[in-house]
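The values are calculated or read from the model by the stated rules, or taken from the named source; none is laboratory data. Keep in mind it's a predicted model, so treat the numbers as computed, not measured. Every residue, glycine among them, receives a Cβ derived from its backbone with ideal geometry; neighbour counts consider all protein chains shown. Accessible surface is based on the protein model in full, side chains and every heavy atom, while ligands, DNA and RNA are left aside. Shrake-Rupley method; radii C 1.70, N 1.55, O 1.52, S 1.80 Å.
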Amino acid sequence: MELLFVTVIGACLGLIVRYTMPNRGTYGLLLLPAISAAATAITWVALLWAGQTFDGTWIWVGSLAAAVVAPIVAAVLLPRR
């Protein structure tokens, strides 16, 4: 259940990142939230496999940090293509 929560929060963070980055007209509306949600879910599962617990602090911090970093990287690299 926590995976669902963290993925939805990650998608919302990706939507916020979309509207704070320049050149947002060069890619679709849902691309950055989708990248953010995927990065969040992948990081969450990887940290669970690494031994973190779902109620720990670092699993949330790591997953939500990935939710912010991944769409920023994508937003910087996509307009150059």
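Per this entry, residue 29 is counted among residues that are closer than 16 Å to residue 76 by Cα and not acidic (Asp, Glu). Filtered by the rule that a residue be surrounded by fewer than 17 Cβ atoms within 10 Å (Cβ to Cβ) and free of Cβ contacts under 8 Å to residues at least 40 places away in the same chain, segment 1-11 gives 1, 4, 5, 8. Of the residues making up segment 15-27, just one is aliphatic (A, V, I, L, M) and in a loop (DSSP other than H, G, I, E, B), namely 21. None of 62, 51 is without any contact (Cβ under 8 Å) to a residue 12 or more places away in the chain and either open to solvent by less than 20 Å² (accessible area, probe 1.4 Å) or not basic (Lys, Arg) (or both) except 51.
In segment 12-22, is there at least one residue being open to solvent by 70 Å² or more (accessible area, probe 1.4 Å), out of contact with any Asp or Glu (no Cβ under 6 Å at 6 or more places or on another chain) and among the hydroxyl-bearing types (Ser, Thr, Tyr)? Yes, because at least one residue in segment 12-22 is open to solvent by 70 Å² or more (accessible area, probe 1.4 Å), out of contact with any Asp or Glu (no Cβ under 6 Å at 6 or more places or on another chain) and among the hydroxyl-bearing types (Ser, Thr, Tyr).
Restricting 75, 11, 46 to residues that are among the hydrophobic types (A, V, I, L, M, F, W, C), within 8 Å of the chain's Cα centre (by Cα) and part of a helix (DSSP H, G or I) narrows the list to 11. Where the second residue is outside any helix (DSSP H, G or I) and among the acidic types (Asp, Glu) and the first is within 23 Å of residue 63 (Cβ to Cβ) and at pLDDT 90 or above and lies in segment 14-27, which pairs have Cβ atoms under 9 Å and are six or more apart or on separate chains? Short answer, once both residue conditions are applied: none.
Taking segment 28-43 as the range and being open to solvent by 40 Å² or more (accessible area, probe 1.4 Å) and outside any loop (DSSP other than H, G, I, E, B) as the test, the residues that pass are 31, 34, 35, 38, 42.
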